[in-house]
Structures are given as structure tokens and as C-alpha cells.
Amino acid sequence: MTSSPEREPLPATFIGHGSPNNALELNPYTAAWRAFGHAVPRPRAILVVSAHWYIEATAVTAMARPPTIHDFYGFPRALFEVQYPAPGLPELAEEVADAVKPTWVGADHDSWGIDHGSWIILVHAFPDASVPVVQLSVNGREDLDYHLELGRRLASLRRQGVLLIFSGNIVHNLRAADFRNTGTIYKWAQDFDDAATSLLVSDPASMPRLTAQRHYHDAVPTPDHFLPFVQFAGLASVSSDRASTLVSGVMGGSVSMTSYTLGMSEVHPDAPGPLTEEER
């Protein structure tokens, strides 16, 4: 197949996405996501690696009209009414498969779509839903080295007009979370978040070493939300730009909202106004 003409590389981002309720809220995190969307050059397409498409394979959505998936329960009715009707881009599935060879990537034509790990970010960053969106699954059968290398191989897509968004959380321990806690982070969670930041800016290729950090199993009780960050570290390891913090903070004491960008100057999250009914 013929790939798209090369351009200047687009920025990329890792977003700590937190609760689905962020789709409906304007807070420091969602304001930063909105500011990022305002600042980034308009992409040809968006590829999201979402923690919530966690399966035993590496796959990419390849449908022309991906559905909005409400993959949660027990949240307000308003969340189930949110739709993100962005088009898909089936040919991007082939481009992703070419970019990461010899890693095998399957094309998903009908089983998934745009899940909340994607749309709670996109309703803020790209509220008009006009940019095509494709998702890449998180392969739960593979280790951190596999995901680091996959992130490296995705780098070429940045020069083909594809905005890479990695969506998860560095620290994601829901069992320890207390969502009445509005800002205090547990010390073990802060220590792990700081260790991840330090390694990302100093030696992102060594990110798998974080498994030896003493709080790893508390911060990462399951790998689904952490692996998108490892892929972002792989991307950072082959970038000429150092990662910059987009926003930092915590929800519930044990869910890190820390987010990063590659290839962007400072983003100012105070410009966008509140969500309109149309954006919701």
C-alpha cells in the first residue's frame, strides 16, 4: 500500500484519563485536554491506545463508523447519553500494521469502536468529532518490553498526519481509592508517579525497570492502564523531544492524572470555556 506523504511530526500525548465523569466536567485535567486540542495542528486522523480495549491480541479498529461504547456501569445517565460520532479511517488500519511490522496487528471491523478511554478525552480535545478516530488495543498477553517496542514503531505515523494519544493512568489502584479525597495523594502513589516521571525524562527506554520499584504492585495492580504509558515511553525513546508534563494531580488518592506531551511547547489550559450542550 502507499502511505501518506511525510510531514513534520505531529505532537503526541499520554493522558491520565481517570473517571468517566471527566467527560462531563471542566476541571484542571479536562481544561488541559481542551487546551492540548486547541494547540495541536489539525491531524489527518487520531490513533488512540486505550486501556479499556484490553484483549489478548494486538488489533486496530477498521470500521468507517465506529460506535461510541459505554463500557462502564453505575454512573449518571448523562454519561450514557454522550455520543462521539467521529468517523473511522479503515485505511489507517493498514498503515498501523505496516508501521509496526513484523508485529502482527489484526483489523477489527465490527466488535469494538470508541470506548470511554478515548471519548472522555476527545469530547474535550476535539469536541466537533470531525477528525477520524481509530483505536489500537492493549495486548494483555505481552510483556512491557513488547509494549515499549510497539511504541517505538508507532513513531513513523507522526510524520503521516496521525496524532497519537495513549490513554491510561500511571497509578491506577481503584481498590485503594477514596473519591471523597479531593487532592491528597498517598505517599506510595506519589513515589511511584515521581519515579515514572524521572525515568520518562531521563531514560524512557528503561521504563520496564519500573517493575522493580518497591511500590509497583500497589500502583499497578493490573497492567491495563499502565501499558499505554509504557508505549508512550517507547515513543519518547526515539523522539528528539523530551516529554513535558501537560498536567499533574491525583483522584481519590491512588489514581494518577499525570499527563505528558511530546513535541509541544508549553500548553496553557486556561483559554477554553465551559462545555456547551452541543459538546456534551
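For region 31-76, a residue qualifies if it is at pLDDT below 95 and of a type in the set (D, E, K, R), and exactly one does: D71. Would you point out the residue of region 236-256, among those that are more than 16 Å from S198 (Cα to Cα) and not small (G, A, S), that is surrounded by the fewest Cβ atoms within 10 Å (Cβ to Cβ)? Restricting to residues being more than 16 Å from S198 (Cα to Cα) and not small (G, A, S), the top hit is V238.
Residues that are free of Cβ contacts under 8 Å to residues at least 40 places away in the same chain and either in a helix (DSSP H, G or I) or acidic (D, E) (or both) within region 211-233 comprise A212, Y216, H217, listed in sequence order.
Would you be able to say whether some residue in region 183-198 is closer than 21 Å to R141 by Cα, outside any strand (DSSP E or B) and hydroxyl-bearing (S, T, Y)? Scanning region 183-198 turns up no residue that is closer than 21 Å to R141 by Cα, outside any strand (DSSP E or B) and hydroxyl-bearing (S, T, Y).
Looking across Y84, Y29, Y54, Y73, one residue alone is free of Cβ contacts under 8 Å to residues at least 12 places away in the same chain and of a type in the set (S, T, Y). It is Y73. In the set (1) touching a strand residue (DSSP E or B) at 6+ places or on another chain (Cβ under 8 Å); (2) of a type in the set (D, E, K, R); (3) closer than 28 Å to S244 by Cβ; (4) assigned to a loop (DSSP other than H, G, I, E, B), the condition left unmet by D71 is number (3). Among the residues of region 1-47, write down those that are farther than 21 Å from L174 by Cβ and assigned to a strand (DSSP E or B). If the condition is that a residue be farther than 21 Å from L174 by Cβ and assigned to a strand (DSSP E or B), then A12, T13, A45, I46, L47 are the ones that fit.
Buried (at least 19 other Cβ atoms within 10 Å of the Cβ), of a type in the set (A, V, I, L, M, F, W, C) and under 16 Å from the mean Cα position of the chain (by Cα), is that true of A62? Answer is no for this residue.
What do you reckon, is R180 under 27 Å from V123 (Cα atoms) and surrounded by fewer than 18 Cβ atoms within 10 Å (Cβ to Cβ)? So R180 fits the description; yes. Among the residues making up region 102-153, those that are among the basic types (K, R) and either free of Cβ contacts under 8 Å to residues at least 40 places away in the same chain or not in a loop (DSSP other than H, G, I, E, B) (or both) are R152, R153. Being among the hydrophobic types (A, V, I, L, M, F, W, C) and modelled with pLDDT under 90: is that true of V230 here? Taking the combined requirement at face value, the residue does not satisfy it.
Six or more apart or on different chains, Cβ atoms under 6 Å: show the pairs whose first residue is in region 13-25 and in contact (Cβ under 8 Å) with a residue 24 or more places away in the chain and whose second is buried (at least 24 other Cβ atoms within 10 Å of the Cβ) and of a type in the set (F, W, Y). Partner pairs satisfying both residue conditions: F14/F166; F14/F229; F14/F232; F14/Y260.
In region 164-176, of all residues being of a type outside the set (V, I, T) and either touching a helix residue (DSSP H, G or I) at 6+ places or on another chain (Cβ under 9 Å) or in a helix (DSSP H, G or I) (or both), the one that is surrounded by the fewest Cβ atoms within 10 Å (Cβ to Cβ) corresponds to A176.
The values are calculated or read from the model by the stated rules, or taken from the named source; none is laboratory data. Worth saying up front: this structure is predicted, and the values here are computed from it rather than measured. Cβ coordinates were reconstructed from backbone atoms using ideal geometry, including for glycine residues, and neighbour counts include every protein chain displayed.
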